[in-house]
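The values are calculated or read from the model by the stated rules, or taken from the named source; none is laboratory data. Treat the numbers as computed from the prediction; the structure is a model and nothing was measured. Using ideal geometry, Cβ is built from the backbone for each residue, glycine included, and neighbour counts are taken over all protein chains shown.
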Amino acid sequence: MKKSKEFMLLFRFEPNFDDQPSAEQLSEQHQQWGSFIGNLAMQEKLVSTHQLGFEGRMLNAVREISEGIYIAENQTLGGNMVITANHIDEATEIGKNCPILKIGGNVEVREILSMD
């Protein structure tokens, strides 16, 4: 039996502060995320998950601080999830079910390497 590895799924999307989802749409999105996360937890593949807020700061190499979140190519990081999988192909298949894809976002799949 192969030893499971840890992978991080990074969730990116294009924020649109002018067009916010309705309460019904938000409820549906929360249900989809709950099902996605719950399913992974039941399979014992979920390690952790985090949603990120919309306020932040950036520090650069000369320690200058700028207010706001980082947006590149019109997308920002909305959160992450650490999962276990035997191979990056399995982790990618898990990512294909992520609700962020339904709103035009994307999922980046990266193996977590030990700092040993």
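Assorted remarks:
- Selected residue (criterion: farthest from residue 30 (Cα to Cα)) from residues of the range 86-110 that are aliphatic (A, V, I, L, M) and part of a strand (DSSP E or B): 109
- Inter-residue pairs, beta-carbon under 6 Å, first of a type in the set (S, T, N, Q) and in the range 1-23, second in a loop (DSSP other than H, G, I, E, B) and surrounded by 11 or more Cβ atoms within 10 Å (Cβ to Cβ), 6+ apart: 4/86
- Contact map, the range 56-80: residues that are farther than 26 Å from residue 107 by Cα and of a type in the set (Val, Ile, Thr) paired with residues that are outside any loop (DSSP other than H, G, I, E, B) and at pLDDT 90 or above, Cβ distance under 9 Å, separation 6+ or inter-chain. Pairs shown: 65/57; 65/58; 65/59.
- Of everything listed in (1) under 12 Å from residue 99 (Cβ atoms); (2) of a type outside the set (A, V, I, L, M); (3) in a strand (DSSP E or B), the single unmet condition for residue 66 is (1).
- Residue list for the range 44-55, filter: surrounded by fewer than 11 Cβ atoms within 10 Å (Cβ to Cβ), touching a residue at least 24 places away in the same chain (Cβ under 8 Å) and either over 30 Å from residue 5 (Cβ atoms) or in contact with a helix residue (DSSP H, G or I) (Cβ under 9 Å, 6 or more places away or on another chain) (or both): 51, 54
- Figure legend. Inter-residue proximity from the range 102-116: first residues over 13 Å from residue 79 (Cα atoms), second residues among the acidic types (Asp, Glu) and not in a loop (DSSP other than H, G, I, E, B), beta-carbon distance below 7 Å, spacing 6+ or different chains. Indicated pairs: 112/6.
- Any chance residue 82 is outside any loop (DSSP other than H, G, I, E, B) and of a type in the set (Val, Ile, Thr): yes
- When the range 15-31 is limited to residues that are at pLDDT 90 or above and within 23 Å of residue 69 (Cβ to Cβ), the one that is surrounded by the most Cβ atoms within 10 Å (Cβ to Cβ) turns out to be 29.
- Under the condition of being at pLDDT below 95, out of contact with any Leu (no Cβ under 7 Å at 6 or more places or on another chain) and among the small types (Gly, Ala, Ser), the residues counted in the range 67-100 number 2.
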